[in-house]
Amino acid sequence: GAGVSQSPSNKVTEKGKDVELRCDPISGHTALYWYRQSLGQGLEFLIYFQGNSAPDKSGLPSDRFSAERTGGSVSTLTIQRTQQEDSAVYLCASSPRTATYEQYFGPGTRLTVT
Amino acid sequence: SQKIEQNSEALNIQEGKTATLTCNYTNYSPAYLQWYRQDPGRGPVFLLLIRENEKEKRKERLKVTFDTTLKQSLFHITASQPADSATYLCAFSGGSYIPTFGRGTSLIVHP
């Protein structure tokens, strides 16, 4: 079946602009995660959605970052007033309720802030 | 705080040999430990999950062990092939569904 998809695959933006990154999880997966991965670094957790529960936003690095998940499916990560240090690969993952500790990742969005 | 450590140096081995990658953690034992493969420019791919009360898990040429005394998980690839070359990430999940990932170890299998 279809895996996790993310768009765009690449995004170049100017410092100070807002960007929106999209994630389409695997159909039926109840959990959705956003991570950030910088060159040579591990995955940095950003935000976690589970069903209709309030999201866990504990990993968001600043109030410029926000995310929403509509209808328990598609999610959008928004970064306002982008800074150069926001440049990274943003990865989305989803998990099924029956295998909550297994994560299925999308290909990522490479964000470059110039 | 909990830390998870993987060898930052690349592991170079010859085709056909067994590759062994190490994941160490501090403090409390995670309830679940996962291993992922990541190729350049791609997202991680889930490989195996092992629970705290399991000693070993196998899947085809892959084997994962979990030693709560040593606070260590070993990931083995038997009869390694050049196509196994990638970065391998371990991650643990404790009391929440939010895993902590290691930085990964690069494996290079030479033909």
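Projecting the Cα positions of B:GLY16, B:TYR28, A:SER38 onto the charge dipole of the protein assembly as shown (unit charges on Cβ atoms of Lys, Arg, Asp and Glu, taken about the Cα centre) puts B:GLY16 furthest along the positive direction. Short to long, the 5 Å bins of the Cα pair-distance histogram for the protein assembly as shown hold 1, 7, 14, 18, 18, 16, 13, 8, 4, 1, 0 percent of all pairs.
Computed over protein heavy atoms with a 1.4 Å probe, the carbon and sulfur contribution to the accessible area of the range B:2-111 reaches 47%. With the charge dipole of the protein assembly as shown set up from +1 on Lys and Arg Cβ and -1 on Asp and Glu Cβ about the Cα centre, the Cα lying farthest toward the positive end among the listed residues A:SER87, A:ALA54, A:VAL19 is that of A:ALA54. Each Lys or Arg adds one and each Asp or Glu takes one away; over the other residues whose Cβ falls under 13 Å from the Cβ of A:SER73, this sums to 0. Only protein atoms count toward the accessible area here, which uses a 1.4 Å probe; on the range A:18-95, the carbon and sulfur part of that area reaches 43 percent.
So, with +1 on the Cβ of K and R and -1 on the Cβ of D and E, and no other charges, what is the size of the charge dipole of the range A:5-109 about its Cα centre, to the nearest 20 debye?
On the way: 10 positive and 11 negative charges, 17 e Å.
The calculation lands at about 80 debye.
Relative to the Cα centre, the charge distribution of the range B:4-111, modelled as +1 at Lys and Arg Cβ and -1 at Asp and Glu Cβ, gives a dipole magnitude of about 180 debye. The range B:1-56 and the range A:26-45 have Cα centres lying 17 Å from one another.
Here, chain A yields an orientationally averaged convex hull projection of 6.8 nm² when only Cα atoms define the hull. Have a look at the range B:11-60 and report residues whose accessible surface goes down by 50 Å² or more when the remaining protein chains are included, against the chain on its own, probe 1.4 Å, ligands and DNA/RNA excluded. Hits at the 50 Å² cut-off: B:PRO44, B:PHE46. Each Lys and Arg Cβ is given +1 and each Asp and Glu Cβ -1; about its Cα centre, the protein assembly as shown then shows a dipole of about 160 debye. Reported to the nearest whole Å, the Cα centre-to-centre distance from the range B:82-111 to the range A:48-114 is 20. Coupling constants for the range B:86-101 follow from the phi torsions by the Karplus curve (6.51 cos²θ - 1.76 cosθ + 1.60, θ = phi - 60°), and in residue order they are 4, 9, 10, 10, 10, 8, 10, 10, x, x, 10, 7, 9, x, 10, 9 Hz; glycine and proline get x. Leaving ligands and nucleic acids aside, the A/B contact buries around 1600 square angstrom of accessible area in total at a 1.4 Å probe radius.
Heavy-atom accessible surface of the range A:1-42, averaged per residue, reaches 55 Å², computed with a 1.4 Å probe. With protein chains left intact and a 1.4 Å probe, residues in chain B average 51 Å² of accessible area per residue.
Inter-chain Cβ neighbour count for A:94-105, averaged per residue, equals 4 (cutoff 10 Å, partner chain atoms only). Expressed per residue, the C-alpha convex hull volume of the range B:4-110 stands at 94 Å³.
The values are calculated or read from the model by the stated rules, or taken from the named source; none is laboratory data. The shown structure was predicted, so the numbers you read here are calculated from the model rather than taken from an experiment. Here Cβ is always computed from backbone atoms with ideal geometry, including for glycine, and neighbour counts include all displayed protein chains. In case anyone asks, the SASA skips ligands and DNA or RNA and just uses the protein heavy atoms, side chains included. Shrake-Rupley method; radii C 1.70, N 1.55, O 1.52, S 1.80 Å.
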